[in-house]
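The values are calculated or read from the model by the stated rules, or taken from the named source; none is laboratory data. It should be emphasised that the depicted structure is a prediction, and the values quoted were computed from it without experimental measurement. Methodologically, a virtual Cβ is constructed for each residue, glycine included, from the backbone with ideal geometry; neighbour enumeration extends over all protein chains shown. Each accessible area value is taken on the protein alone, full model and side chains, heavy atoms only, with ligands, DNA and RNA left out. Shrake-Rupley method; radii C 1.70, N 1.55, O 1.52, S 1.80 Å.
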Amino acid sequence: MNVVDSSAWLEYFADGPNAGEFAEAIADVERLVVPSITLVEVFKRVRVQRDPAAALYAVAQMMRGRVVDLDSELAVAAAALSAETGLALADSVVLATARDADATLWTQDSDFEGMDGVEYRQRTEAPHGLGPTRP
């Protein structure tokens, strides 16, 4: 199973330098677990940087995987992870979702670097802002 965090989704949709690092996990929709909070983060960022249509397209692609809503059990697990690791709210929800699904977390968020079950790729700056949204 794979969980792709918001930073990796945004890199993929922008066709950034690390997009290929996340493409296989994203394309394997049968094994793709999508924390609902990533829908919020990606939609907001794409809408601000592009437009509402591009944002809707992005979340439609994300929803090809299995979307996991934040329920009370996941919320408590995320809070415990946040207390243990110092992760921010959204990051702790993403990590808790990955662990609950026994999934690999794909990210370029350095807050996750070195954690078990995480495939971290160092962010490489693109020459300019959010590029084309992938088809």
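Structure notes:
- Surface composition of segment 1-77: carbon plus sulfur atoms hold 53% of the accessible area, using a 1.4 angstrom probe and ignoring ligands, DNA and RNA.
- Cα-based equivalent ellipsoid, segment 7-52: semi-axes from gyration tensor eigenvalues, Å: 19, 15, 7
- Accessible area (Å², per residue) of the chain, counting only protein heavy atoms and a probe of 1.4 Å: 53 Å²
- Local electrostatic count at S36 - Lys and Arg +1, Asp and Glu -1, tallied over other residues with Cβ under 15 Å: -4
- Calculated from backbone phi, Karplus (6.51, -1.76, 1.60) coupling profile of segment 54-62 in Hz, x at Gly/Pro: 5, 5, 5, 4, 4, 5, 4, 5, 5
- Among residues other than R64 with Cβ under 11 Å from its Cβ, the summed charge is -1 (Lys and Arg +1, Asp and Glu -1).
- Database remark: amide H of W106 closer than 5 angstrom to the amide H of V3, V4, D5, E119 (H placed geometrically; neighbours at sequence offset of 5 or more, or on other chains; Pro and chain starts carry no H).
- Think of segment 1-122 as having a plus end and a minus end, set by charges on the Cβ of Lys, Arg, Asp and Glu; of T104, M63, A8, M63 sits farthest toward the positive end of this dipole.
- Amide proton proximity set for L70, modelled H, under 5 Å, gap of 5+: S36
- Most positive-pole-ward Cα, N18, Q49, Y120, against dipole of the chain from beta carbon charges: Q49
- For segment 25-39, putting each phi into the Karplus relation 6.51 cos²θ - 1.76 cosθ + 1.60 with θ = phi - 60° gives couplings of 4, 6, 5, 7, 5, 5, 10, 8, 10, 10, x, 4, 5, 5, 4 Hz, in residue order, rounded to whole numbers and with x for Gly and Pro.
- Spacing of the two label points (7 Å from each Cα toward its C-beta) at L56 and R123, in nm: 2.9 nm
- Report summary: the helix-based calculation at 222 nm, which adds -39500 (n - 2.57) for every DSSP H run with n ≥ 4 and divides by the residues of the chain, gives -15500 deg cm²/dmol.
- A Cβ-based charge dipole, computed about the Cα centre of the chain with Lys and Arg at +1 and Asp and Glu at -1, lands at about 580 debye.
- Along segment 96-111 the Karplus relation, 6.51 cos²θ - 1.76 cosθ + 1.60 evaluated at θ = phi - 60°, assigns HN-Hα couplings of 4, 5, 4, 5, 5, 8, 6, 10, 7, 9, 9, 7, 10, 8, 5, 4 Hz to successive residues, with x for each Gly and Pro.
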